[in-house]
Structure formats: C-alpha cells, structure tokens
C-alpha cells in the first residue's frame, strides 16, 4: 500500500536568501532520487521555514519496481549448432549469468541474431533503499556559504539539529552529521516552554502539517507568504494607509518567521521632512519593515510602519516600542547626516572624489568621472552640456555622509540633492538612472543622457578591470563584473540607436590608454572581454527560451549589435516552434552551402563572392545566381528593418534552387576557373546566411 514520505531537515535559523534556491534543489534531488530508485510516487512538495527544509511525497510505493535486464551473449550461430543444440559457448554464457540454457532467448539486432539471458531483479523495500538515499540528498544540497559545527567536518547552510524521516508510520533509519533520523520535530521557538520549541512526536508522515500548525508553525511557505501579505495590508489599513510590499521584501520576511503576526509601529512626523527614499530605505532594507503610504496620495508616507513578528508576542506593546526605538534611532542618524550634507552643494562633494579610490591601481573616482565624460560624449554622438554636467555629478553623492551610512541610496541621494540645488531635472534623473537597470524590475533609465551615462559607466568598469586581468572566476566576482556585463547587454538591447559593442570597447580602452591606465595590449583585453560578454549574452538568450543550438548559431554569426542579436534568435526560435518541418528542411539546404565552403577552405581554395556570370555553364547554377540577385535587395531591406522572420522566409525561397544546384552541378570542378566561380556563387549565399546565423550549428 503506498505511503507518504516525509523528510524534514531541522536547522538553526537559515538566512532567508538561502531558502528558495535550497528548496528548488531539494525538489530536484527528490525527483531524481525516486526515479533512480524506481519508486513509484505521487505529488512531490517542498516547503520550508527559517528552521526547516521539508519534502513531502504522496503515495510512495513500499517496494521498488522490478527490473528486467537483457544481457547479450554470443551470436546465434555460435551458441547453437546446425541442429539447434546448445554449444559449449551457450552453456558457458548461461552458467555465467545464473540461468539455464533453456531460458536463453534469441533476438534479432542490427548486427545479426544473438542469444540473450533475460534476468528479473526483484525490487528492494522502499524503507531500505531510502535509508541509503536520503543522507545523500542532504549532502548534495549546496548553499552560498556553509558552516562546520561537529567532528565529522560535515558542512551545511546552518547546523542540523534534528532530522525527521518517515515512510508512513515507519522511521527511515540513518545518521548524518551526528544526528539520527527520528519521528520527533519541534514547534515554533519558545512554545512548550522550550527555546527550541515544543517537542512533537509524529505518529505518521500524514500528521506532519497539522501537528506543526497546532504548534504555531505554518510550514508551507507559499501559504505563509499569502498570510504575510494579507496581515500587512490589513495592519496598514487599520491606520488609514496602504502598505508598500515589494516582492523581494515579502519573500525575505516569509523566511524570517514561522508564524507571521503583523503589528503596526509609529514614528514622529518630523521625520517625514526627510526625503521619502531615505525613510523607505531604512524601513525596508535595514529593518525589514513595510512602509505605509497615504491612501489619498500614494506618493506620501504616513508616520507608521508594519513589522512582522514570529508569533504573537506575550507583550506586543513592549515589542512595538522596541521596534519604534530602533527605527527612530536610524531616522535620527539619517536626519543628522542629511542636515550636515545640505550645508554643501552637490558639486562640492564632486571635488572630494579624488580622495575616494575607484579600484586599487585604477585611480580615484575623480579619474573615473573624467573617463565617463569622454566616453559618454563619444557614445552620445555630440557634445552635450547636460550630459557633461550629469557626468560631473553622477558619482558626487559617494562623498556624502548620508550615502556613506546608507550605501543603497547611491544615485538616489544624488538625484535628491541635485534637485534641491536647482539642477535641471534631466541631470538629476541621469544621476540616479546611470545605476540602472537594477533588480528586481530592471527598469531602464528615463532619458537618453542617463542611458548613455549608464552604458559608459559599465563599459569603463569592464575595460579597466579586464585590462588588469581582474576577471571573475567561479563564484569570485568582487567587482560585480558579471552583473555589469549583464546589465550592459540589457541596456544595449534597448539602445535608442544601433551601437557597436566592439567600437564602444575600443573607445573605452583608448581613453584608458590615453590616461596612462592600461597595462596589456588592447587586442588581448578586447578579446577576453568580448568572450565574457558573449557568455553573458548566451545566458540572457537562454532566459528568453532560446534553444542552445540556435543561441550558438546566432552568436557565431556575431553579436556586435545586441538588439539585432536578440531579434535574430527570437525569429529563428519562432520559426522552429511554429513550422518545424519546413524550418528543418530549409536549414538542411543552407548547411549544404556552408559545409562545402568549409571543406573548400580547408583545402586552400580561394573563396570570394565575385561571380562571373559568363563562366556559369549549367542551367541550375545560372538559375541559382539569378534568384540570389533577385532576392538580395529584399533580404537586405528586411535585415535593415530587423524583420528576421521575413528575412529567413526570403532566403528559404532559395531552398529548391540550392537542392537542384547540388543535384546537377559538380562544385569542385577540375577546371580551377569554373570551380572558383561556383564557390563564389555559394559564398554569395553564405554571406546572406551569416546575416542571421551560422546554420551549421543548428540541429535538424
């Protein structure tokens, strides 16, 4: 009879950011393990709280499915004589496999007829195989950082304090990190008069969720998340407002508590005189509170906040007062730093950037600002006083006391101070926006000045770091270069005009060289950086659902225009998904062209696109040349308009002509002049193909 499988890994409080990735890993590992163990099962659910990672699987079979193995032996004519009697070869094979000669069967294969020993292996009890497999699942979980706390040296996200492993009512026995699996779990902390929580002895895996809820633990994190949102909004409404609930804060709070209880706190209205961004940053990023906005004007804050307690406190007013004291102290710090900063104009802080190091051996932030002014002007395409002013001030807030205390506010405070100083709104927005796009929404800069400043900032950082060989390895990326590369590509995808990746890098490296800050050859740095950007672009294309082979084919044809690269990849994916057979037939014809050209180049043949129509002899090659000439202008216009579906369809009209050409024409003719002319004709087609992709890499 199928039973419920329960695995609970009880730990000390896990960082919230560890939880969702760990639960996804846990699910994948359970699916993989049950498949490999040949255990039939029903629904798999993974859940978690700060103190537990849980997998629950319904209807798990009590025994593995049996497996039938067929072991091939000698060929039939060797195993049996002409009269059909088994030979010594057959007898020896049967004996080695533990079966009788009479049980051998003959089966036809692509290599002829052979004898086979058919063996049925009965399944082992689920309890037995799971006791071996579950510890390996736990060992396979990975975390951004791990701890070691006991003699065996086992590492995990946080110390393991208990393990529950049940199959129905039976304990699945094993030991890991000095902890033996059992049927005992624990409620929310400080229930039952114990800091670890009330002890709960489970009779069956099916009792798990109900027993924990009675002990004040909502183990299903999705349900707990909805409770957080509902309670926080109700709490905000109780003081006449509406809560600000960004998804990332809701997710974090969900994994900070096991039993959410939302409470309202208050602060002095005088703090509302501070920029709202400062107050929101303190509440959300520093305290994990939810700010409250006015219902009638959601651009303005109310002097309240909502915080989520882990269970209802015995003295809620005391807890509320404690939270209010903490946030008031942070607001008071912010008010002091803001007042001190406002004794100076933003441009005065820009003068202090020469005291702030950009990266060791790469000058100061003042040096970086000078590079940004030159690079952004080149990218913008003309001299713009607004752009130069934004570049001069874009890093100035790094020297302010407020940003020094609240680093999340870089750019934001620059905008606020610029507006207070009377700077043009375009300049102020560009100061903030040159850090965009940022997670979670990856919003683009609001104006073109901010856009090109954002592009310049990332290209300069990447070029400077790659010149010094400060290239990310493994998980080590201290300067955030992967993020810089990814957001640069996101920006270039949305560029207001065509922008060359290579030319932009060339300009940035030239500026670095002219300022005496380069150490390696420009070509070496550029090649490494382009490969790095290619890898990041591959990841972005994958996130858009583009197949691996299409990504490789498109990138092999070049990615100097990032926006066009996305359009090419999406067009090919769309055509494959919607018209698979036709797409494959067309690609096969294209690869006939590219393959023979690749072979010719390997043989040292001269391959250019200069076709001499007078040398064409066979009707099939004349017809192909004419059709290529006819479609080329239409194809070029589709490419110019970045309509790559239409461009591919235009090329596809060549398919029957290409197939006829290869059926009737000998490309590698013994006459060098004829051979070169035919290769030139194919080169004309290849040039068109490479405007979209290297179709040799597309699987069919």
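Please count how many residues of region 394-428 are within 13 Å of residue 278 (Cα to Cα) and part of a helix (DSSP H, G or I).
14
Of everything in region 234-245 that is outside any loop (DSSP other than H, G, I, E, B) and touching a helix residue (DSSP H, G or I) at 6+ places or on another chain (Cβ under 9 Å), the residue that is surrounded by the most Cβ atoms within 10 Å (Cβ to Cβ) is 243.
The set of residues in region 599-621 that are surrounded by 14 or more Cβ atoms within 10 Å (Cβ to Cβ) and part of a helix (DSSP H, G or I) comprises 600, 615, 620, 621.
I'd like to check something: does region 610-631 contain any residue that is under 41 Å from the mean Cα position of the chain (by Cα) and farther than 25 Å from residue 577 by Cβ?
No; the residues of region 610-631 include none that is under 41 Å from the mean Cα position of the chain (by Cα) and farther than 25 Å from residue 577 by Cβ.
Apart from one condition, residue 231 fits all of (1) part of a helix (DSSP H, G or I); (2) touching a residue at least 40 places away in the same chain (Cβ under 8 Å); (3) closer than 16 Å to residue 331 by Cβ; the exception is (3).
Among the residues of region 135-158, is there at least one that is more than 28 Å from residue 15 (Cα to Cα), more than 34 Å from the chain's Cα centre (by Cα) and surrounded by fewer than 15 Cβ atoms within 10 Å (Cβ to Cβ)? Looking for residues that are more than 28 Å from residue 15 (Cα to Cα), more than 34 Å from the chain's Cα centre (by Cα) and surrounded by fewer than 15 Cβ atoms within 10 Å (Cβ to Cβ), one finds none in region 135-158, hence no.
Screening region 194-209 for residues that are out of contact with any helix residue (DSSP H, G or I) (no Cβ under 7 Å at 6 or more places or on another chain) and within 24 Å of residue 16 (Cα to Cα) and picking the one that is surrounded by the fewest Cβ atoms within 10 Å (Cβ to Cβ) gives 195.
Number of residues in region 289-315 that are surrounded by 19 or more Cβ atoms within 10 Å (Cβ to Cβ) and in a loop (DSSP other than H, G, I, E, B): the value is 1. So which residues in region 257-273 are crowded, with 19+ Cβ neighbours inside 10 Å and in a loop (DSSP other than H, G, I, E, B), if there are any at all? Across region 257-273, the qualifying residues are 257, 258, 259, 267. For residues that are surrounded by fewer than 19 Cβ atoms within 10 Å (Cβ to Cβ) and either under 30 Å from residue 104 (Cα atoms) or free of Cβ contacts under 8 Å to residues at least 24 places away in the same chain (or both), tally how many sit in region 46-63. Number of matching residues: 1. Exactly one condition in (1) in the same structural domain as residue 477 (by TED's automatic domain parsing); (2) part of a helix (DSSP H, G or I); (3) in contact (Cβ under 8 Å) with a residue 12 or more places away in the chain is not met by residue 554; state its number. Checking residue 554 against (1) in the same structural domain as residue 477 (by TED's automatic domain parsing); (2) part of a helix (DSSP H, G or I); (3) in contact (Cβ under 8 Å) with a residue 12 or more places away in the chain, the one that fails is (1).
In the set 121, 132, only one residue is in contact with a strand residue (DSSP E or B) (Cβ under 6 Å, 6 or more places away or on another chain), surrounded by fewer than 17 Cβ atoms within 10 Å (Cβ to Cβ) and either within 30 Å of residue 17 (Cα to Cα) or in contact (Cβ under 8 Å) with a residue 40 or more places away in the chain (or both); that residue is 121.
Scan region 21-31 and give yes if some residue there is out of contact with any strand residue (DSSP E or B) (no Cβ under 8 Å at 6 or more places or on another chain), on the phi < 0 side of the Ramachandran plot and buried (at least 19 other Cβ atoms within 10 Å of the Cβ), otherwise no. Taking every residue of region 21-31 in turn, at least one turns out to be out of contact with any strand residue (DSSP E or B) (no Cβ under 8 Å at 6 or more places or on another chain), on the phi < 0 side of the Ramachandran plot and buried (at least 19 other Cβ atoms within 10 Å of the Cβ). Checking each residue in region 342-382 for being surrounded by 18 or more Cβ atoms within 10 Å (Cβ to Cβ), touching a strand residue (DSSP E or B) at 6+ places or on another chain (Cβ under 7 Å) and not in a helix (DSSP H, G or I) picks out only 358. Quick one: in region 434-459, which of the residues that are in a loop (DSSP other than H, G, I, E, B) and closer than 14 Å to residue 415 by Cα is farthest from the chain's Cα centre (by Cα)? My answer is 447.
Residue by residue, here is whether (1) assigned to a helix (DSSP H, G or I); (2) touching a residue at least 40 places away in the same chain (Cβ under 8 Å); (3) touching a strand residue (DSSP E or B) at 6+ places or on another chain (Cβ under 8 Å); (4) under 23 Å from residue 614 (Cβ atoms) holds:
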site: 668; (1), (2), (3), (4): no, yes, no, yes
site: 679; (1), (2), (3), (4): yes, yes, no, yes
site: 685; (1), (2), (3), (4): yes, yes, no, yes
site: 696; (1), (2), (3), (4): yes, yes, no, no
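The criterion of being touching a residue at least 12 places away in the same chain (Cβ under 8 Å), buried (at least 20 other Cβ atoms within 10 Å of the Cβ), over 19 Å from residue 566 (Cβ atoms) and over 15 Å from the mean Cα position of the chain (by Cα) holds for residue 512.
The values are calculated or read from the model by the stated rules, or taken from the named source; none is laboratory data. Note that the structure is a prediction, hence the values are computed from the model and not measured. Neighbour counts run over all protein chains shown; Cβ positions are idealised from the backbone, glycine included.
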